[in-house]
Amino acid sequence: EDMQEFDVAEFLSEIGDNRMPMVFRLLSKETAAEVFANFDAPEQEQVINSITDSELSGILEELYVDDAVDMMEELPANVVKRVMRTATPETRKLINQYLHYPENSAGSIMTAEFIDLKKYMSVRESIARIRRIGFLRGFFYQREYTLRAHQCVLEFRNNAGYFVKRLRILVSVA
């Protein structure tokens, strides 16, 4: 049976300091990045200290930018320097951009991932597109709330049912 990334991260956290990095290295690059994002800072630091720069770069490129930024805010400066050194120039620029936002500001909690909607799309078409693209990116649509006539909130949860993201949509009816 396939385990969810959260469960794999929890399992690896419990198997011990000596074996965890070794077992982590057996994961595919994509799975490793998703598991890595679910680790707490001490486990992330342990993995970073046990893998090569090339492996670290691969994981970093697979992470969502907001996950990478969250990680940077928790790790010691010497580890952050190594991570930033292995990042591509584009990823490094994005991470630095997000790190400059004040804590708990809209900029610090937003994601670099976005879904584009066209002016001519109806509300129904827009929500359908958000659901479809959200599903393709590993999220699935969970709930929809209508707040006012021109506002809608979509809640996404990962495949294990854990809350991932909430989108507020403002709809113009001009």
Notebook entry, point to check: Just a yes or no: is a residue in segment 83-96 small (Gly, Ala, Ser), over 19 Å from Leu12 (Cα atoms) and not in a helix (DSSP H, G or I)?
Noted result: yes
Check: Restricted to segment 80-124, and to residues that are open to solvent by less than 60 Å² (accessible area, probe 1.4 Å) and over 30 Å from Thr52 (Cβ atoms), which residue is modelled with the lowest pLDDT?
Finding: Ser108
Checklist line | Selected residue (only one of Ala37, Ala87 is among the small types (Gly, Ala, Ser) and touching an Asp or Glu at 6+ places or on another chain (Cβ under 6 Å)) | finding: Ala37
Next item on the list: State which residue is most open to solvent (accessible area, probe 1.4 Å) when the search covers only segment 23-34 and only residues that are in contact (Cβ under 8 Å) with a residue 12 or more places away in the chain and of a type in the set (A, V, I, L, M, F, W, C).
Entry: Leu27
Check: Pick from Phe6, Phe39, Phe11: which is in a helix (DSSP H, G or I), closer than 29 Å to His100 by Cα and of a type in the set (Phe, Trp, Tyr)?
Finding: Phe6
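The values are calculated or read from the model by the stated rules, or taken from the named source; none is laboratory data. Remember, predicted model here, so these are calculated numbers, not experimental data. Don't worry about glycine lacking a Cβ; one is built from the backbone with ideal geometry, like all the others, and counts go over all protein chains shown. Accessible surface areas use protein heavy atoms only, side chains included; no ligands, DNA or RNA. Shrake-Rupley method; radii C 1.70, N 1.55, O 1.52, S 1.80 Å.
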